[in-house]
Each structure stands twice: as structure tokens, then as C-alpha cells.
Amino acid sequence: MSSCDTCVVRNRAICAGLEDREIATLSAMGRRRTVAAGEPLIWEDDDSLLVANVIDGVLKLTTSTEDGREQIVGVAYPSDFIGRPFGQTSKASVVALTDAKVCVFSRSDFDRYAREHPELEHKLLERTLAELDRTRSWMMLLGRKTAPEKIASFLIEMSERLTETGCAPTLGPARRFSLPFSRQQVADVLGLTIETVSRQFTKLKNDGIVELPSRREVEIINRGALVSLAG
């Protein structure tokens, strides 16, 4: 794999707190992998065989009902950690929403390495608690917010996680970005119908809060109004 010194997420990924020699050891355990849009990386209910750092691109975490319906339960962006360390079974499928690059490790090798390096275990705990906070916020969004509040909250989160180019990290919220989701996927994520999503996007445009240069592109014109609308 390429040198960790040139990794674009090196200072934000879970390995950020490791020393150079520890990074070198971890690097020897991993490999870079390119995942095409739509390609699965991990399958729900399969044995947990790998974990990964996202280097570039966006991936979705999904679960399925007994009748085959899919629910998006999370999204992974550059520097995010995916997979189920210290677990025997994957609880969600991980599928690329865009072309993506990941740094993949054998789950058993990674577990052993993490147990020997408290800094890495600490980073995993921090990421787990942050994900728990996001999940609680998402429960509030799904359970209590109105359709306009849901769409506004969704766009604010996207602007904070995506940049002008669509995938790379940024120091501040992006004003213009490309959504990795289709309108139907936005509806599925927010528990709305596609018709409601389309109406809300159109209203935001008509109110001068956002511009919609294309089906996927969003430009925030009045961020204060969007934040206010999100509640």
C-alpha cells in the first residue's frame, strides 16, 4: 500500500495518534482498495472479516427487512472507520455510494493490534461515542421533526461533511456540494416520500434559500435561514 505519510486522511483517521513505527506496522497489515459506486464492501449478517478506513468517497450502511426492503442507517465519509472490530458478525451492509478508496485490514489482525495499542483503542471509543451521539440526533430528526425541518437538517449535515468537489474533507461547511444520494435515497433516509422531498427542495429554491444547479448539486444561498428552518 502507499505510504501513510501521503494519506490524505492521516491526521483525522483513527491511526492519527500512533507513532511512526506503529504506523509502519499497521501499514504493513493493510491494503488499499478501490470500490466502485454500487459495489458492496461488507455484507449484513456475514462473518466480520474486515474493517477499513475511508480515504476517499462516500459509502452507505444499510440493513434489510425480511421482505427485502433496504434502510440506510448510516453514511461513511473520508476518515470514517467502518466494519465491526471485536465482533463476530457484521450488523450492516456497507456499499459505495460513489467511487471510493478504502484502507482495508483483516478484522482479526486489527483486533489484535488494537489490544496492544491503547491509543488506537481510545480512538475507536471516541468514534463509537461520536456515532452514538449522531444516532441519537438522527432519532430526534426522524421521530419529531417536520418534513421541512428534516430536509434542512439533512442539507446542513451534508454541507458539513462534503466539499465543493463532493467528497474531500473541508475546514468549514461547504456552500456548494454534490449529494451522493438520489432523491429516492434521501426520502428513504429521512422517512419521507420522494414527492415530499421534491416539493421541499423546490420550496427551498423558490424561497431563495438554496439553488439547485442539477439533480444532485446543491448551493446554499442563505445558510442562516436554512439553520433556522432546521429548528
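Only the coordinates and a few stated rules stand behind these numbers; no lab work does. Since we're looking at a predicted model, the values are computed, not measured. Because the Cβ atoms are built from the backbone with ideal geometry, glycine has one as well, and the counts that use them run over all protein chains shown.
Each 10 Å bin, from zero up to the one with the longest distance, holds this percent of the alpha carbon pairs of region 1-73: 15, 42, 28, 12, 3.
Gain in length, Asp67 to Glu149, computed as 0.36 nm per residue apart minus the alpha-carbon separation, to one decimal in nm?
Details: separation 82, 0.36 × 82 = 29.52 nm, distance 3.02 nm.
In short, 26.5 nm is gained.
Modelled spin labels at Arg21 and Ser228, positioned 7 Å past Cα toward Cβ, are 5.9 nm from each other. Using just the C-alpha positions of region 145-229 as equal point scatterers, what log10 of I(q)/I(0) does the Debye formula give at each q in 0.19 1/Å? Values returned for q = 0.19 Å⁻¹ are -0.78.
The calculated P(r) of the chain, using every Cα pair and 10 Å bins from 0, goes 7, 30, 34, 20, 8, 0 in percent. Here the 3J(HN,Hα) profile of region 211-219, calculated from phi with Karplus coefficients 6.51, -1.76 and 1.60 at θ = phi - 60°, is 10, 10, x, 8, 4, 9, 7, 10, 10 Hz, Gly and Pro shown as x. PRE reach from Asp111 (point 7 Å along Cα→Cβ): which of region 29-56 fall under 11 Å by backbone N? Correct set: 48-50. Available extension along the chain between Arg215 and Glu44 is 58.5 nm, counting 0.36 nm per residue and deducting the alpha carbon span.
About the Cα centre of the chain, how large is the charge dipole given +1 on each Lys and Arg Cβ and -1 on each Asp and Glu Cβ? Please answer in debye to the nearest 20.
So the magnitude is around 620 debye.
Length gained on full extension, Arg12 to Glu195: 62.1 nm, using 0.36 nm per residue less the C-alpha separation. For a quick check: with amide H placed at 1.01 Å from N, whose amide H comes under 5 Å from Leu162's, ignoring anything fewer than 5 positions away on the same chain? Correct list: Ala174.
Can you divide the C-alpha Rg of region 4-120 by 2.2 N^0.38 Å and report the result to two decimal places?
On the way: Rg = 14.3 Å, N = 117, 2.2 N^0.38 = 13.4 Å.
Relative to the rule-of-thumb radius for its length, region 4-120 sits at 1.06.
A Cβ-based charge dipole, computed about the Cα centre of region 4-120 with Lys and Arg at +1 and Asp and Glu at -1, lands at about 220 debye. Counting other Cβ atoms within 10 Å as a rough exposure proxy, the listed residues Arg31, Arg144 run Arg144, Arg31 from fewest neighbours to most. Only Cα pairs under 8 Å and 6+ residues apart enter the sum, and on that basis the relative contact order of region 115-210 stands at 18 percent.
Might you report the magnitude of the Cβ-based charge dipole of region 175-231 about its Cα centre, with Lys and Arg at +1 and Asp and Glu at -1, to the nearest 20 debye?
Numbers: 9 positive and 6 negative charges, 21 e Å.
Charge dipole of region 175-231: 100 debye, to the nearest 20.
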